[in-house]
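*Asks:* Can you read through this structure? Questions will come right after.
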Amino acid sequence: MSKPSVKAPARPSAGNPIARSHAVWRGGLLFDAGVGERRHAIDGDSKTAPSPVETLLNSVGTCSASDVVDILGKQRTPVQRLEVDVMATRRAEFPRRVLTLEVTFTIDGKGIEPAQAERAIALSIEKYCSVAASLAGDIDFTSVLVLNGERGEPVKQPMFSQQGRGKGE
């Protein structure tokens with residue numbers, strides 16, 4: 001008796017935008033990762049390059065900061081300078097997953113009001129940032145805005161979840 005033919009699963013990207021990455025092991029815990037000519041080093045020992053977790057933090061910080069720059073620019077209040085710092089706490093036991101995130105946005109720009117910048121941050125984290133939306137919904141995510149040298153209060157940000165879909169959705 002012949003085995004029934006098994007249909008190959010549909011490509012997960014069928015009909016959806018796709019992102020790709022490729023990593024090449026270079027020895028020890030060092031990898032070159034990226035696509036085409038756009039590659040960077042990742043070091044599991046954090047000795048010569050960012051670690052995988054540091055790379056994740058870089059990704060969430062730059063993803064949300066890109067949204068903030070875009071949102072404020074569309075509101076005709078362009079950012080003149082933006083720096084983003086991401087601090088995480090991790091489980092002590094393996095897997096040492098990220099448990100909390102605090103992202104500090106240091107923004108300078110004429111005419112940007114604190115409420116406007118806070119709304120741009122919230123929109124990014126709740127709606128637009130693909131990296132933040134890809135993280136587990138039980139992560140405690142806090143953002144801090146430093147606008148034109150003035151540090152605001154930390155704001156707890158609801159993370160994307162399939163059940164709650166963030167507070168704005």
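*Asks:* When the range 80-100 is examined, which residues are found to be hydrophobic (A, V, I, L, M, F, W, C) and touching a Gly at 6+ places or on another chain (Cβ under 9 Å)?
*Replies:* Within the range 80-100, Leu82, Val84, Val86 meet the criteria.
*Asks:* For the range 31-40, enumerate the residues that are assigned to a strand (DSSP E or B) and open to solvent by 80 Å² or more (accessible area, probe 1.4 Å). Break it down into steps so the answer makes sense when it comes.
*Replies:* Narrowing the range 31-40 to residues assigned to a strand (DSSP E or B): 31-35, 38-40.
Correct list: Arg38, Arg39, His40.
*Asks:* Which of the residues spanning the range 101-122 are hydrophobic (A, V, I, L, M, F, W, C) and either closer than 22 Å to Glu54 by Cα or open to solvent by less than 40 Å² (accessible area, probe 1.4 Å) (or both)? Give the steps one after another, and end with the answer.
*Replies:* Looking only at the range 101-122, we keep the residues that are hydrophobic (A, V, I, L, M, F, W, C), and these are 101, 103, 105, 107, 112, 115, 117, 120-122.
Leu101, Val103, Phe105, Ile107, Ile112, Ala117, Ala120, Ile121, Ala122 - these are the residues of the range 101-122 that are hydrophobic (A, V, I, L, M, F, W, C) and either closer than 22 Å to Glu54 by Cα or open to solvent by less than 40 Å² (accessible area, probe 1.4 Å) (or both).
Residue-wise test of (1) hydrophobic (A, V, I, L, M, F, W, C); (2) open to solvent by 80 Å² or more (accessible area, probe 1.4 Å); (3) at pLDDT below 90; (4) part of a loop (DSSP other than H, G, I, E, B).
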site: Pro4; (1), (2), (3), (4): no, yes, yes, yes
site: Gly15; (1), (2), (3), (4): no, yes, yes, yes
site: Arg20; (1), (2), (3), (4): no, yes, yes, yes
site: Ile42; (1), (2), (3), (4): yes, no, no, no
site: Thr48; (1), (2), (3), (4): no, yes, no, yes
site: Val60; (1), (2), (3), (4): yes, no, no, no
site: Val79; (1), (2), (3), (4): yes, no, no, yes
site: Glu83; (1), (2), (3), (4): no, yes, no, no
site: Leu99; (1), (2), (3), (4): yes, no, no, no
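The values are calculated or read from the model by the stated rules, or taken from the named source; none is laboratory data. Keep in mind it's a predicted model, so treat the numbers as computed, not measured. Positions of Cβ are generated from backbone atoms using ideal geometry, with glycine treated the same way; all protein chains shown enter the neighbour counts. Remember, those area values only see protein heavy atoms, side chains included, never the ligands or the DNA or RNA. Shrake-Rupley method; radii C 1.70, N 1.55, O 1.52, S 1.80 Å.
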